[in-house]
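Here the structure comes first, spelled out in structure tokens, and everything after it is commentary.
Please treat every number below as a calculation from the coordinates, not as lab data. If you're wondering where the values come from, they're calculated on a predicted model, not measured in any experiment. Cβ: placed from backbone, ideal geometry, glycine included. Neighbour counts: every protein chain shown.
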Amino acid sequence: MRRAVLGQTRGFARHAFAERDLSNVIPPYATLIAKLSQVRRHIKRPLSLAEKILYSHLHDVDSLAGLKDIRGSAYLQLKPQRVAMQDASAQMALLQFMTCGLPRTSVPTSIHCDHLIQASEGADSDLTRSVISNKEVFDFLESASRKYGIEFWPPGSGIIHQIVLENYAAPGMLMLGTDSHTPNAGGLGLLAIGVGGADAVDAMTGTPWELKAPKIIGIHLKGQLNGWATPKDLILHLAGKLTVRGGTGSILEYFGPGVEAQTCTGLATISNMGAEVGATTSTFPYTKAMRDYLRTTNRAAVADAADWAQAEAGYLRPDEGVEYDQVIEVNLSELEPTINGPFTPDLATPLSLFGQVVEERGWKDEVSAALIGSCTNSSYEDMTQVADLARQAKEAGLKAKVPFLCTPGSEQIRATMERDHITEVLQDVGATVLANACGPCIGQWKREDRKDEENAILTSFNRNFKSRNDGNRQTMNFLASPTIVTALAFSGKLSFNPLVDSLEDANGKPFKFIPPQGSQLPEKGFTPGNTSLYPIPSPEPQPEVDIKISPISTRLEILEPFSSPFGSHNPRGLELPPLKVLMRVRGKCTTDHISAAGPWLKYKGHLTNISENLLITAVNDEGGEVNLAFDHDHSQGEAPVDTIPKVAQRFKARSEPWALIVDSNYGEGSAREHAALQPRFYGCSVIIARSFARIHETNLKKQGILPLWFVDEADYSRIGSGDTVETIGLEDLLNGKETSIIQLKVTKRDGESFVVDTKHTMSGEQLKWLRAGSALNHIRAINQT
């Protein structure tokens, strides 16, 4: 594989795009259509687009035979076509894949270095510094890529989801990605699903990937976006309607005349933030805008094949008369710009009312920074719309009043922006153009001001949890479209409404922005930029390559398999051993709370080290303190109270398995499998919740942790730290009694005991993972036989 010259001077290349071999990008439409015909023998009703794609990727179509209810109940064994991984999550995924003993991945796989680049001064210096500080991780990822035939996109090449959209996504495809915003690719009419690394390993090893058949929420779009309203405002509006849990266990399928008028990258923005409502993924019927985007991004052959698949069998659109589990009506003509936040992406406020909210809440009417980009809004179209406002401001003699940070989504976009003088326009009004990477959106922001001070930032990002962006719990991140973010960068005021409010130009005269115009696609086409940042397509494995992991590394660590909780060491047989409750977690607990990002990203490949951040921003319901846990069995020399990871370490040192009691939608947010690996590493065997987020619940199962749901949510408050819980009925379930329920016998510290009813979502295959100690243990055992 060609090695990128990291940190070299950047500039758009003078090369045209080379002809690409797209054989591993074009879905096998003829095979998928033939399989769909077999599906229709079992399902005699109109199918949604999502169902067509899902069921045509079944490992065994006959598994549908006799099933009356599929949506929301049946477990599907699927064969994804592709896997994409970002550099933070790829480390653990590769470490797990390495334990399987295979010479290559079973499906085309790519790695994208976008999470480990910290934003500080600007693109060139930030990229150079990050390449040096993360060299051993990048060397590991590149060497493993060469060994297993994985396409490696080095630092500076761009954000994973923008690169996937530009290079790999194809209508009707099923793909997995080790990032919760993988659904971004749905903007091209496919099913792209965010998963943990162990799920990705399923696909990479050729093991059928299991998914509980989602329900399908139909979102009917009519009308047309006007003025300042953008696709970002549509998904911000929907987040307010659905909340962070409203899409859990469902695919959002958009349909109606309003879809046809949207651009491909606008659809990608909408599908990207479907993750914020808990949706499995989002998708859209094949449109002319998708066809145009494919042709402009050097994939005409994909567009031709998709045209054939739609004409041949209607594969890329829902059947007439399909019935959805729920339908949401949205009139785009009535949609206005929306701002969501702070601290949760579903707190939606129409822009016309936001100034009033600022006043009512007593917030300081000040924006401390404005940031555009992230995987949600870093397309060429986004940047041209922002540049239009910047040109208006420049003509009025204005410059941004606050730090204004802009992130291109890929090297292709960066180079095309530079060629088309968009970068120049942005810099002329005071913007700092950052490296093609995630940066501040995921906490990779070396922010030197406003530390430990309440302040408000406006961003075009997708998440806004406390501490996420700059490590300051008091920073309020308000999510908006790139154009609204840009307008407020020039006003500096949180209450500014560019639809009605004016600024003063350089001569003291009133100046009012006109609604911005952008370009869906560049008139001159895209330019690739620095071609050394592109991998060789479909590389062959190089088995002679040694994977680079230093034995003294603090960043990378070979994984040791987790042991099974069952066996001769467990006197309870196929029931879990008695478990001590570590703590009861209060309220919102995202994967950011369970496994923080920011400075901890450097330990993503070292389970021992990253586990030291376990739940450090979680709230203990017994007292309300953050990062505090009780050790009721502490030794004489130990304090009865310590940080959560320190108490978990004590449990591990005592070989004492434990349980966790958690609140609603536990594990929402990123597809961060470390949030499952870390408690498992310290000895957690079961987590009992009022409810779970989809990806996190699956990640727990993959690592051998049993997720249970309270039947009566009030039971959450009856179990506290130091109590002992014992499963009842798990043995029957493991022995094949599918109707068996699991109860918990709870013994309080004072000796009182009672039984709590729980429910579970474990499939037969997932029970095998639990019995083996993890999904990887199970896969390894199969491969060895």
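A few points about this structure:
- Label of the coordinate-derived value, semi-axes √(5λ) of the Cα gyration tensor in Å, listed as [x] 51, 32, 22; [y] 40, 31, 27; [z] 71, 34, 23: [y]
- Close amide H contacts of D723 (hydrogens built in the peptide plane, cut-off under 5 Å, sequence separation of 5 or more or a different chain): V581.
- Karplus-derived HN-Hα couplings along segment 617-631 (A = 6.51, B = -1.76, C = 1.60, θ = phi - 60°), whole Hz, x at Gly and Pro: 10, 7, 9, 7, 5, 8, x, x, 8, 8, 6, 9, 9, 9, 10
- For the chain, the longest principal axis of the Cα atoms and the long axis of helix 644-653 meet at an angle of about 40 degrees.
- Cα gyration tensor, segment 419-506 - rounded (a/c under 1.5), prolate or oblate: oblate
- Segment 533-557-segment 159-216 distance, computed between alpha-carbon centres (Å): 23 Å
- Along segment 78-92 the Karplus relation, 6.51 cos²θ - 1.76 cosθ + 1.60 evaluated at θ = phi - 60°, assigns HN-Hα couplings of 10, 10, x, 8, 7, 10, 10, 9, 8, 4, 6, 7, 5, 4, 6 Hz to successive residues, with x for each Gly and Pro.
- Rounded to the nearest 20 debye, dipole of segment 307-412 from Cβ charges on Lys, Arg, Asp, Glu: 920 debye
- Cβ-placed point charges (K, R +1; D, E -1), dipole of the chain about Cα centre in debye, nearest 20: 1000 debye
- Acute angle (nearest 10 degrees) that the helix 29-42 long axis makes with the longest principal axis of the chain, alpha-carbon atoms: 50 degrees
- Around the Cα centre of segment 8-151, unit charges on the Cβ atoms of Lys, Arg, Asp and Glu (plus for the first two, minus for the last two) sum to a dipole of about 900 debye.
- In order along segment 390-402, phi translates into HN-Hα couplings of 4, 5, 4, 5, 4, 5, 8, x, 9, 10, 4, 8, 9 Hz, rounded to whole numbers, per the Karplus curve 6.51 cos²θ - 1.76 cosθ + 1.60 with θ = phi - 60° and x for Gly and Pro.
- Annotation: amide H-H contacts under 5 Å for Y666 (H modelled 1.01 Å from N, sequence separation of 5 or more, or interchain): S691, F692, A693.
- Projecting the Cα atoms of T698, I779, F651 onto the charge dipole of segment 579-784, computed from C-beta unit charges around the Cα centre, puts I779 farthest toward the positive end.
- Gyration tensor (alpha-carbon) shape descriptor, segment 336-531, a/c threshold 1.5: oblate
- Three-way shape label, segment 345-398, alpha-carbon gyration tensor, a/c 1.5: oblate
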